[in-house]
Amino acid sequence: MNFQQLEYIVALDTYKSFSKAAESCFITQATLSTMVKKLEEELDIVIFDRKNNPVVTTDCGKYIVEEAKKVLFHSKQLKYISSEIKSKIEGELKIGIIPTVASSLLHRILPSLLEKYPLLKLRIQEITTSNIITQLKTGELDVGIVSTPLKNEILEEEILYYEKLLVYGNTEYSNTKYLSPKDIIDENIWLLEEGNCLTDQIINVCSLNPKKINSNLIFNPNSFETLINIVDKLKGLTLIPELFYNDLSEERKKNIKDFSSPFPVREISIVFHRPYAKSRLIEAVSQEIREIISPLLETSNLKNSEMIIAKM
């Protein structure tokens, strides 16, 4: 027994004709007749009297047809309810996000997410990429927002956006808007603490050879704000992502220089281990991030050939 057979007997009861019922179900008359016969045999009951024209539903058959209508109604309700559940954004989503992304992303997306999805409870932690990976595997986190690619076969990655890496500080190329990575190799470069994923990306994409700037200073900052304050006072350069640049004062933006094409960019993705339990929540958050952030980034208008993804 299946839903199609139930649809066929309801149609036959309605139209009192095998040909008309078959036409309404978009099948041949022979197929409908065979399927109805099989259902009668399975139930061990005659549902239709075929000797009459038009076809007559037997007394016993009327009960079967009424029950079939109820089953079909409830099957449609299940599909409707399923659709409603998938579009209803409620529950808890545990998110881990790396600090170098959190500082320029969260204040942009949280107001909209909280207003749009009042039944969605967000539990957010600022933690390192390695801790995010560990907690995704143990189920302590549902998703992570990190710089990718991670090259971790256990985790799935969905790209949210790309953002340029920009040079901050005074350089000898003060009259030049564009710099190539090789132009800063010999400059004094201030970077975030050792092991930070963005630091590794910058070293790789710019082919830098990290060196001490001051022989009597060992300092590993962990925020962009600290970096640019140091650059302002002690000179040298640093690199910052595009979103953080958007938060700078107009005065500080004057100290920014862009690279030439292909532009070095970092890739930001949402990553997960077991997505299906929270798939609708993950999808809603991802879509909101893309809609809010993409218009703010120049990379949204660039071709892939115009970007170099900074590897870790």
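Computed values, structure above
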quantity: Potential extension, LEU43-ILE159 segment - 0.36 nm per residue separation minus Cα distance; calculated: 36.4 nm
quantity: FRET efficiency, THR138 to HIS107 (Cβ-Cβ, R0 35 Å, nearest 0.05); calculated: 0.75
quantity: Segment ARG280-SER19, length gained on full extension (0.36 nm per residue, minus Cα span); calculated: 89.6 nm
quantity: Region 3-86 - charge dipole about Cα centre, Lys and Arg +1 at Cβ, Asp and Glu -1, debye rounded to 20; calculated: 280 debye
quantity: Sorted by Cβ density within 10 Å, fewest first, the residues MET1, MET307; calculated: MET1, MET307
quantity: Phi-based couplings in Hz for region 290-299 (Karplus 6.51, -1.76, 1.60; Gly and Pro marked x); calculated: 4, 5, 7, 7, 3, x, 8, 10, 5, 4
quantity: Full-extension gain in nm, MET1 to SER249, via 0.36 nm per residue minus C-alpha separation; calculated: 82.3 nm
quantity: Charge dipole of region 236-312 about the Cα centre (unit charges at C-beta), most positive-ward option of ILE309, LEU248, SER294; calculated: ILE309
quantity: Charge dipole of region 3-86 about the Cα centre (unit charges at C-beta), most positive-ward option of ILE9, CYS25, CYS60; calculated: CYS25
quantity: Inter-centroid distance (Cα atoms) of region 1-71 relative to region 239-312, Å; calculated: 59 Å
quantity: Inter-site label distance for GLU306 and LYS79 at 7 Å from Cα along Cβ, in nm; calculated: 4.5 nm
quantity: Built amide H within the under 5 Å cut-off of THR148, gap 5+; calculated: GLU267, ILE268, SER269
quantity: Under-5 Å amide H pairs with PHE263, H placed in peptide plane, nonlocal only; calculated: MET307, ILE308
quantity: Cβ crowding within 10 Å averaged over residues, with 159-170, 292-303 ranked highest first; calculated: 159-170, 292-303
quantity: For ILE189, distant residues with modelled amide H under 5 Å away; calculated: LEU237
quantity: Hz values of 3J(HN,Hα) by residue in region 253-270 - Karplus curve (6.51, -1.76, 1.60), Gly and Pro given as x; calculated: 4, 5, 8, 8, 10, 9, 7, 8, 6, x, 7, x, 9, 10, 9, 10, 10, 9
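None of the figures in this text is laboratory data; all of them are computed from the coordinates on show. These numbers come from a predicted model, not from an experiment. Here Cβ is always computed from backbone atoms with ideal geometry, including for glycine, and neighbour counts include all displayed protein chains.
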